[in-house]
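Below is one structure, written out as structure tokens; the observations come after it.
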Amino acid sequence: MSTQTASSSSSSSSSSSSLKYDAFLSFCRVDTCKNFTDHLYIALRQKGIITFGDDDEILEQGKYISSQLLKEIEESKYAIIVLSTNSASSRWCLIQLAKIFECIEETKLTVLPIFYHVDSSDVRNQTGALAEAFEKHEKDPRINKGDVQAWKAALKEVGNISGWDLHDR
């Protein structure tokens, strides 16, 4: 299974020892939170994989949640992205996705996509529900058009990465 990373699959112990998490779990809460993602999170933790999942992490009081969560991406070795039908509808999911792709170059983050009830070709080509979500974002005057373009580019990139296809499982 190939994954996306800016470095070779082996990493130095000095760089990985400075990271806070083995994995950052990115998902659309409305689609997967109380089923697939919860099971995945528990399984990862049971295997000793230190995983950031924002449901149970205690965020520092007084800090903006968004900036703190984006920092957690930077402090992770892997990003497990669970892409689902509503992933592109959530601005927060798209912001995380764009940050993840910034970190591929900056911190050598490795991306592991899971296509949950969505085709990788729909993600790559932004068709179906993903296209409809982007149409709404583009019409929303509160959303920066440059952000929308960055989100589209990140979504296309993740669609090009070999991942796990979980349609009916």
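Residue 137 is checked against (1) open to solvent by less than 80 Å² (accessible area, probe 1.4 Å); (2) under 18 Å from the mean Cα position of the chain (by Cα) and fails just one. What number does that condition carry?
Looking at each condition in turn, residue 137 falls short on (2).
Which one of these does residue 130 not meet: (1) of a type outside the set (Gly, Ala, Ser); (2) more than 17 Å from the chain's Cα centre (by Cα); (3) open to solvent by less than 30 Å² (accessible area, probe 1.4 Å)?
All conditions are met except number (2).
Taking the conditions exactly as written (open to solvent by less than 10 Å² (accessible area, probe 1.4 Å) and free of Cβ contacts under 8 Å to residues at least 60 places away in the same chain), does residue 82 satisfy them or not?
yes
With respect to the numbered conditions (1) closer than 25 Å to residue 41 by Cα; (2) over 12 Å from the mean Cα position of the chain (by Cα); (3) part of a helix (DSSP H, G or I), which one is the sole condition not fulfilled by residue 121?
Of (1) closer than 25 Å to residue 41 by Cα; (2) over 12 Å from the mean Cα position of the chain (by Cα); (3) part of a helix (DSSP H, G or I), only one is false for residue 121: (1).
For a quick check of your reading: which helices (runs of 4 or more DSSP H) sit entirely within segment 1-106 and have at least 1 residues that are modelled with pLDDT of 90 or more and closer than 25 Å to residue 159 by Cα?
Because the criterion is at least 1 residues that are modelled with pLDDT of 90 or more and closer than 25 Å to residue 159 by Cα, the helices (runs of 4 or more DSSP H) in segment 1-106 that meet it are 38-46, 65-74.
Search segment 87-109 for residues that are under 15 Å from residue 69 (Cα atoms) and pair each with any residue that is in a loop (DSSP other than H, G, I, E, B) when their beta-carbon atoms are under 6 Å apart and the residues are at least 6 apart or on different chains.
93/28; 103/109
Are there any pairs, at least 6 apart or on different chains, whose C-beta atoms fall under 7 Å, with the first in segment 117-130 and more than 14 Å from residue 97 (Cβ to Cβ) and modelled with pLDDT of 90 or more and the second among the hydrophobic types (A, V, I, L, M, F, W, C) and not in a loop (DSSP other than H, G, I, E, B), and if so, which?
Listed by first residue and then by second, the contacts come to 122/130.
The values are calculated or read from the model by the stated rules, or taken from the named source; none is laboratory data. Keep in mind the model is a prediction, meaning the values are calculated, not measured. Note that each Cβ is placed from the backbone with ideal geometry, even for glycine, and that neighbours are counted across all protein chains shown. Side chains included, ligands, DNA and RNA excluded: accessible areas come from the protein's heavy atoms. Shrake-Rupley method; radii C 1.70, N 1.55, O 1.52, S 1.80 Å.
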